[in-house]
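Everything on this sheet refers to the single structure shown next.
The values are calculated or read from the model by the stated rules, or taken from the named source; none is laboratory data. Given the structure is predicted, the values throughout are model-derived calculations rather than measurements. Virtual Cβ from ideal backbone geometry, glycine too; neighbours counted across all protein chains shown.
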Amino acid sequence: MRTYFTWLITTGIISLVMVVGAFVASSTCDDQAAFNTLFGLAILIGIIFSVLLYFVPYMVARSRSVENIAAVLLVNVLLGWCFLGWAVALIMAVVLPVGAHSPFEEFVKERRREPSL
């Protein structure tokens, strides 16, 4: 789950750099062009954060490796548009039991245990 929060922080830093770049670029323009630039960036940043926030239940379920991750994803995609559906998906992501790892993950774990020559 730490990886997803790292992505959120990275997205925030990139957004901040974009806003600072817009301020620098708009300092050479007239007021209306500067307002349009900043308003467009604000809308873009809002959309990015909204999409990331929308899929938080799926990110939690994936980081926990829950058994029925497809159910969490379906509830999140189909019913997540209302707060109740999003909350149900988040509760499912936290409550569902942790499942077995995929064969690829088991293979990688076995290879990491072997000493390297």
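Set side by side, the residues ILE13, ILE45 differ, and just one is modelled with pLDDT under 85, in a helix (DSSP H, G or I) and crowded, with 17+ Cβ neighbours inside 10 Å, which is ILE45.
Hey, does the range 23-38 have a residue that's surrounded by 14 or more Cβ atoms within 10 Å (Cβ to Cβ), in contact with a Leu (Cβ under 9 Å, 6 or more places away or on another chain) and at pLDDT 70 or above? No, that holds for no residue.
A residue that is under 28 Å from ILE9 (Cβ atoms), among the polar types (S, T, N, Q) and at pLDDT below 90 occurs nowhere in the range 70-93.
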